[in-house]
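**Student:** The structure is given below, and queries will be raised subsequently.
Laboratory data are not the source of any read-out in this text; all were calculated from the coordinates shown. Just so you know, these numbers come straight off a predicted model, no measurement behind them. Note that each Cβ is placed from the backbone with ideal geometry, even for glycine, and that neighbours are counted across all protein chains shown.
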Amino acid sequence: MLLDSHAHLLSLEDPEGAVSRAAAEGVGKIVSIGTGIESSLATIEFSRKYRGVYVSVGIHPHSASSFSEQAVREIEGMLEDSKVVALGETGLDYHYMNSSREDQIQSFEAHMTLARSHSLPFVVHVRNADEELLSMLRRSDLSSQPGVIHCFSGNYETAKKYLDLGFFISFSGIATFKRAEEVRDAAAKIPIERLLYETDSPYLAPVPKRGKPNEPCNVVYVARLISQIRGLPLEEFTSIVFENMTELFPKISKDRDGLI
Ligand SMILES: [Zn+2]
Ligand SMILES: [Zn+2]
């Protein structure tokens, strides 16, 4: 059974069709990621139609300027829902800087606090901000709340720093790009029990689908490539990663009944 640990289903043109196509490809679980209050609420509603669609709720670092105390209370109100398995995506993006550094830090800290008080894992987005993110993580005691660095695009040395803090590392279509040798090297070397994979749909379509909107059925290209890098048959690889996913996100059912 394939999975997609990170997709934005409601950013797709045809979310229902995308879920059907993913199911037909053998994808059994999708974690669909909210990027703000409205998108988180809408994603929860959408997830109710599908057995294997789960939700992470939070405010994307790009939108961190919309962060407020009221937003924290609204997110907190969603956390007991049976379909909500994580907080995020949250983190720091100093590449685009769509929100100020101060707003991103404040929002990320609030997500970390919620993760800790609700014993939920959190989904972290980081771009051009590893050092600051790492020092924030080191200052906070998160040992009992593991998280995932999604769409990992760094090298093994950087991955190691997150692994040392108990994080999982999730690889996207970036790993299939020609110039991503360092990312593939990290995918080859990290402990397999900390590895996940994802599409980040509708972004980052993997080779050979580049240039088109991405969707969860394409996760097979990412999974196949990483299974080859790891020297494992695809079925064995996907079965290991399935276990990893249910360890990171304990609210996801361990059943293998499929997506729909
Ligand atoms: Zn992201
Ligand atoms: Zn994302």
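**Student:** Label points 7 Å out from Cα along the Cβ direction at LYS251 and ALA188: separation in nm?
**Tutor:** With each label point 7 Å from Cα toward Cβ, the separation is 3.8 nm.
**Student:** Based solely on C-alpha atoms, express the radius of gyration and the Dmax of the chain in angstrom.
**Tutor:** Taking only Cα atoms of the chain, I get Rg and Dmax of 16.6, 48 Å.
**Student:** For the pair ARG210 and ALA24, what calculated FRET efficiency results from E = 1/(1 + (r/R0)^6), where r is the Cβ-Cβ distance and R0 = 22 Å, to the nearest 0.05? Kindly include the intermediate steps, with their values, before the conclusion.
**Tutor:** Numbers: r = 22 Å, r/R0 = 0.99.
According to the calculation, E is roughly 0.50.
**Student:** I've got another one for you. Which GluC sites (Glu not before Pro) from region 29-104 combine a DSSP loop assignment with at most 15 other Cβ atoms within 10 Å? Don't skip to the end; give the middle numbers.
**Tutor:** Values: sites: GLU38, GLU45, GLU69, GLU74, GLU76, GLU80, GLU89, GLU102; in loops: GLU80.
Taking region 29-104 and a limit of 15 other Cβ atoms within 10 Å, the loop GluC sites (Glu not before Pro) found are GLU80.
**Student:** Something else now. How long are the three semi-axes of the equivalent ellipsoid for region 151-244, computed from the Cα gyration tensor as the root of 5 times each eigenvalue, in whole Å, largest first? Write out the running numbers ahead of the final one.
**Tutor:** Details: eigenvalues 78, 46, 28 Å².
Values for region 151-244, descending: 20, 15, 12 Å.
**Student:** Right, another one. Given the pairs LYS29/LYS212; LYS49/LYS254; LYS49/LYS189; LYS49/LYS251; LYS29/LYS209, which are separated by over 26 angstrom at their Cα positions? Walk me through the intermediate numbers first.
**Tutor:** Working: LYS29/LYS212 23 Å; LYS49/LYS254 18 Å; LYS49/LYS189 38 Å; LYS49/LYS251 17 Å; LYS29/LYS209 21 Å.
Violating the 26 Å limit, Cα to Cα: LYS49/LYS189.
**Student:** Two decimals is fine: what's Rg over Rh for region 1-133, C-alpha atoms, Kirkwood radius as Rh?
**Tutor:** 0.98
**Student:** Using only DSSP helix segments of four residues or longer, with each worth -39500 (n - 2.57), what per-residue ellipticity at 222 nm results for the chain after dividing by its residue count and rounding to 500? Don't skip to the end; give the middle numbers.
**Tutor:** Details: 9 runs with 103 residues, N = 260.
So the calculated ellipticity at 222 nm is -12000 deg cm²/dmol.
**Student:** Going through region 122-215, which trypsin sites (Lys or Arg not before Pro) have at most 11 other Cβ atoms within 10 Å and a DSSP loop state?
**Tutor:** On the way: sites: ARG127, ARG138, ARG139, LYS160, LYS161, LYS178, ARG179, ARG184, LYS189, ARG194, LYS209, ARG210; in loops: LYS178, ARG179, LYS209, ARG210.
Of the trypsin sites (Lys or Arg not before Pro), the ones in loops of region 122-215 whose Cβ has at most 11 other Cβ atoms within 10 Å are LYS178, ARG179.
**Student:** According to a simple spin-label model (label point 7 Å from Cα along Cα-to-Cβ), what is the distance in nm between GLU13 and SER239?
**Tutor:** Label-label distance for SER239 and GLU13, simple model: 3.8 nm.
**Student:** If each of MET97 and SER82 carries a label point 7 Å out from its Cα toward its Cβ, how far apart are those two points in nm?
**Tutor:** So the label points at MET97 and SER82 sit 4.7 nm apart.
**Student:** Hey, got a sec? Which GluC sites (Glu not before Pro) in region 2-33 land in a DSSP loop and have at most 12 other Cβ atoms within 10 Å? Walk me through the numbers on the way to the answer.
**Tutor:** Values: sites: GLU13, GLU16, GLU25; in loops: GLU13.
Taking region 2-33 and a limit of 12 other Cβ atoms within 10 Å, the loop GluC sites (Glu not before Pro) found are GLU13.
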